[in-house]
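Note sheet for the following structure.
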Amino acid sequence: MLSVIIPTDGVEQTAVATLSALVPGAAAGVVTEVVLVDRSADSSVIERVADVAGCHFMKFEGSHAAALAAGAARARAPWLMFLPAGAVLDPGWIDETMQFVQSVGATGRPLAGIFRYARSPYATVSLRDRLRSIARAVAGPLGDQGLLIAREHYRQVGGYRPEHKRAETRLLRQLGRSSRTMLRSRIVMV
């Protein structure tokens with residue numbers, strides 16, 4: 001039902017944290033495949049993580065947006081979920097994802113879901129974090145909030161464009177407020 005695409009930069013800890021949050025979804029049959037797209041010079045660590053976790057692995061040289069687009073092209077499920085490495089979803093994400101997919105299927109209206117951003121209670125708050133928080137309030141969701149979208153809808157809006165520097169934010173803006181919704185489940189970055 002759902003392919004999860006996770007771009008990594010060779011950091012094992014963040015990739016493992018995100019994968020561990022997806023295990024209940026795989027057990028419930030929601031997550032059918034995970035694609036780890038690594039852009040680091042030495043991908044052996046992430047390749048080993050993918051092998052142990054039963055994920056697809058892609059070594060990719062290029063921009064972050066190009067890595068996301070390549071992961072989406074490799075994914076096979078009718079629904080795509082893009083998560084940054086280090087993202088951990090609330091435990092209720094499985095039920096909400098199922099309800100969201102069924103709702104979109106029943107209405108036939110193309111709609112993308114974005115997770116609510118929540119800062120880790122253990123993280124030190126920097127000036128950059130405060131500025132990003134203001135940006136979320138003013139401009140809307142940012143690319144680090146994850147994205148749940150039907151493959152067909154992703155294709156219709158043009159997907160991630162490798163030539164854009166902030167392709168995730170551009171895609172969210174291109175979707176517009178009318179074709180995206182904020183999900184109740186939170187995404188916490190570790």
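Ala77 meets the conditions (1) of a type in the set (A, V, I, L, M, F, W, C); (2) more than 22 Å from Gly158 (Cβ to Cβ); (3) touching a helix residue (DSSP H, G or I) at 6+ places or on another chain (Cβ under 8 Å); (4) part of a loop (DSSP other than H, G, I, E, B) in every case but one. The failed one is (2).
Filtered by the rule that a residue be over 12 Å from Lys59 (Cα atoms) and touching an Asp or Glu at 6+ places or on another chain (Cβ under 6 Å), the range 1-39 gives a lone residue, Ser3. Farther than 21 Å from Glu168 by Cα and out of contact with any Pro (no Cβ under 7 Å at 6 or more places or on another chain): is that true of Ala27 in this structure? When the stated conditions are applied, Ala27 passes them. Restricting attention to the range 173-190, the residues being in contact (Cβ under 8 Å) with a residue 60 or more places away in the chain and not in a strand (DSSP E or B) number 3.
Answer with yes or no whether Val104 is in contact with a Ser or Thr (Cβ under 7 Å, 6 or more places away or on another chain) and either buried (at least 16 other Cβ atoms within 10 Å of the Cβ) or under 22 Å from Tyr154 (Cα atoms) (or both). So Val104 fails the test. Of the numbered criteria (1) modelled with pLDDT of 85 or more; (2) in a helix (DSSP H, G or I); (3) of a type outside the set (A, V, I, L, M, F, W, C), the one Arg130 fails is (1). Evaluated against (1) modelled with pLDDT of 95 or more; (2) touching a helix residue (DSSP H, G or I) at 6+ places or on another chain (Cβ under 8 Å), Leu22 falls short on exactly one condition, (2). For the range 90-99, which positions are modelled with pLDDT of 95 or more and either of a type in the set (Gly, Ala, Ser) or crowded, with 23+ Cβ neighbours inside 10 Å (or both)? Listed by number, the residues that qualify are Trp93, Thr97.
For the range 143-171, residues that are part of a helix (DSSP H, G or I), touching a Pro at 6+ places or on another chain (Cβ under 8 Å), modelled with pLDDT of 80 or more and of a type outside the set (Asp, Glu) total 3. From the list Gly71, Gly10, Gly62, Gly29, the one residue that fits, being of a type outside the set (Phe, Trp, Tyr) and either assigned to a strand (DSSP E or B) or buried (at least 19 other Cβ atoms within 10 Å of the Cβ) (or both), is Gly71. Applying the set (1) outside any loop (DSSP other than H, G, I, E, B); (2) under 23 Å from Gly62 (Cβ atoms) to Asp42 leaves exactly one unmet item: (1).
Screening Val34 with (1) in a helix (DSSP H, G or I); (2) among the β-branched types (Val, Ile, Thr); (3) touching a helix residue (DSSP H, G or I) at 6+ places or on another chain (Cβ under 8 Å) gives one miss only, at (1).
The values are calculated or read from the model by the stated rules, or taken from the named source; none is laboratory data. Everything quoted here is computed from the prediction, not taken from an experiment. Virtual Cβ from ideal backbone geometry, glycine too; neighbours counted across all protein chains shown.
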